[in-house]
Structure formats: C-alpha cells, structure tokens
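Step one of this worksheet: look at the structure below.
Values in this text are rule-based calculations from the coordinates and carry no lab data. Fair warning: this is a prediction, and the values are worked out from it, not measured in the lab. Here the Cβ is made from the backbone with ideal geometry for all residues, glycine too, and neighbour counts use every protein chain on show.
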Amino acid sequence: MHQVEAGTRVDSRSDPGMATEDLVLAAAARRRGLWALLRRKRVPMVCLGIVAVFGLAALLAPILAPHDPNFGYYDGLTMTGAPLGSTGKFLLGTDPTGRDVLSRLLYGSRISLTVGVLSTALTVLLGLSLGSIAGYFGGWAEIVITRLIDIMLAFPVVLLGMAIAAILTSSIATTIGVIALTQWMYMARVVYSQVQTLKEWEFVTAARAMGIGERRIVLRHIAPHMLPLLIAYSTLTVGTSILLEATLSYLNAGVPKPTASWGSMISDGLTYYRADPSLVLYPGVAILVVVLAFTLLGDGLTAAIEGR
C-alpha cells in the first residue's frame with residue numbers, strides 16, 4: 001500500500017493500479033493538508049469563529065432568547081402604537097407589532113442557518129448528480145443537462161425564486177427547495193468540468209479495464225478527488241443561500257410570517273426606519289456579517305486548495 005504524507009497531493013495517474021483504499025487514504029491526506037493550510041490564514045479562521053458563534057446562538061436560541069419571538073407584548077409599544085427603543089425588558093427594543101427584537105434576531109439565525117445549510121446540501125446533491133452524469137457519460141445526457149443549465153442561468157435568480165414560491169405553498173421546506181432549484185446550476189458546472197478532467201486519468205481507465213462498474217468508479221474513485229473543492233464551493237453557497245432567503249422573505253415570498261426571519265424583520269421595520277433605524281440595522285448587520293463570513297471562509301478554502 002502506498003504511504004501518503006499529510007498535506008501531500010497524490011496523483012493517481014502515476015499508478016494505474018492504485019487500490020481504492022489508497023485513493024481514500026490520499027483524499028484523507030489532502031483534507032488534512034487543506035486544514036493545515038487554512039489554519040495559517042487569519043481571515044478565514046476568524047470567519048470560521050464567527051460562523052461558529054452564530055451557529056451556537058442559533059442552536060441555543062430557545063435558551064438565550066428572553067421572550068417569545070412571535071408574541072406581540074401589550075407593553076411592547078408606546079402609547080401612540082410605535083415600537084419601543086431599548087428598555088430593561090426589551091434590550092434591543094421591539095418591532096412595530098410589539099415583538100422583542102433580540103428574540104427575533106436569535107430565532108432568525110436558526111431560520112437563516114437552517115435554510116442556508118439544508119438548501120446547500122440539496123444544491124450539492126443536485127449539482128453533483130447532474131454534473132457527474134453530464135461529465136462522465138457525455139452523449140445525450142451531457143447535451144440535455146448542459147442546455148438545461150444554460151436555460152436556468154438565463155433567468156434572474158430572485159424573479160425565478162419568486163415565481164416558484166408563488167406557485168407553491170409558503171413554508172421553510174418550500175424556501176429550501178426554491179433556493180436549491182435556483183442554485184444547483186453553479187455547482188453542476190463545477191462538477192461537470194472536474195469530472196470531465198478526472199475521467200481521463202489513467203486510474204479510471206485501469207478501473208474500467210478491471211471490470212469495475214461505472215457507478216462505483218464515480219463514487220469510489222472520482223468523488224474523493226472532488227471533495228475538497230466541493231467543500232469550498234459549498235461554503236460559498238451557504239452564504240449565497242442565506243442572502244437569497246433573506247431577499248425572498250423581505251419580498252414576502254420566503255419563510256411565512258410570523259416566523260422570525262432576518263429578511264422579514266427588515267421588511268417589517270421599513271415603516272419606522274427614520275424614527276428607529278435599528279429595526280433595519282440589526283437584521284441587516286446580522287445578514288452582512290454571516291454572509292461575509294461564509295464568503296471569506298469559502299475564499300480561504302479555495303485558496304488553500306489551490307495552494308495559495
């Protein structure tokens with residue numbers, strides 16, 4: 001069995017007879033090397049910490065939130081019906097319906113991260129499946145899938161998402177599906193390009209010569225080589241998905257009210273943005289920080305993969 005040092009890139013083309021176990025070991029070594037490179041970069045590691053903090057806040061939202069995020073309190077509004085500023089009971093004030101802003105921010109992080117992660121998982125599944133089929137088998141499958149990708153990319157993402165959301169019943173599951181259906185094309189193009197390159201390597205030719213099935217070649221021989229790249233692109237996709245969820249919720253085409261969502265919080269606070277700009281500022285800053293953190297983390301992973 002070949003010995004693989006951590007952080008060493010192994011090229012299976014140099015040994016057509018490399019066993020599956022060697023490929024798995026090589027992929028594991030590449031992942032360890034990727035982590036070692038990433039740890040040397042300050043910005044991605046800070047972003048990883050920010051993502052961890054928001055993830056912890058989302059996980060502990062039922063414990064950290066001081067109030068029910070969807071309940072409008074009778075003492076949460078002024079005598080004229082305007083939202084309150086910061087008070088002892090409501091640390092970040094209330095929204096136009098008397099709901100606690102801090103509680104809604106915490107629960108909103110659950111929605112944003114849940115939708116972002118699950119929609120990204122579905123995006124990866126669709127993109128990986130269709131991109132692998134088009135790149136590996138070619139022929140009519142390649143023509144149909146690549147033309148479908150071109151057609152989907154021709155539509156504005158937000159308008160397409162709003163159209164799909166208008167047809168289906170609004171829910172968190174619908175929002176996840178809408179985002180995945182408008183994002184899978186980018187992942188599929190990356191996978192398609194990688195599989196086209198990898199299928200020409202000698203270890204794939206050797207696997208075919210030994211009678212290994214096409215499905216196993218893709219799953220056990222080609223997929224491990226794509227894993228670091230998929231991780232990097234998935235991280236970028238999470239940030240994009242969170243931003244798209246906020247946009248759809250802002251336009252009342254995403255997570256249905258009164259469920260706490262950062263996008264719907266901005267929409268609700270627009271009426272009082274002059275008198276109380278914090279109603280828009282708090283969720284806006286949360287979206288900015290999380291999306292930027294995921295984006296810079298994804299950039300750092302991509303740079304680490306490329307050895308920069």
Q) Over the Cα atoms of the stretch 36-165, Rg to Rh with Kirkwood Rh, two decimal places? A) 1.18
Q. What percentage of all Cα-Cα pairs in the stretch 119-166 are separated by more than 19 Å?
A. 37 percent
(Q) I'd like the FRET efficiency for LEU148 and LYS89, computed as 1/(1 + (r/R0)^6) with the beta carbon distance as r and R0 of 35 Å, rounded to 0.05. (A) 0.05
Q: Mind checking which lysines have their Cα closer than 28 Å to the Cα of LYS257? Skip sequence neighbours fewer than 8 apart in that chain.
A: LYS89
Q.
Please report Rg (one decimal) and Dmax (integer) in Å for the Cα set of the stretch 148-284.
A. 20.6, 73
**Q.** Ranked by how many other beta carbons lie within 10 Å on average, peptides 73-81, 297-305 from highest
**A.** 297-305, 73-81
Q) Tell me, how many Å apart are the Cα centres for the stretch 153-206 and for the stretch 275-301? A) 24 Å
Q. Mind checking Rg over Rh on the stretch 219-291, alpha carbons, Kirkwood formula for Rh?
A. 1.22
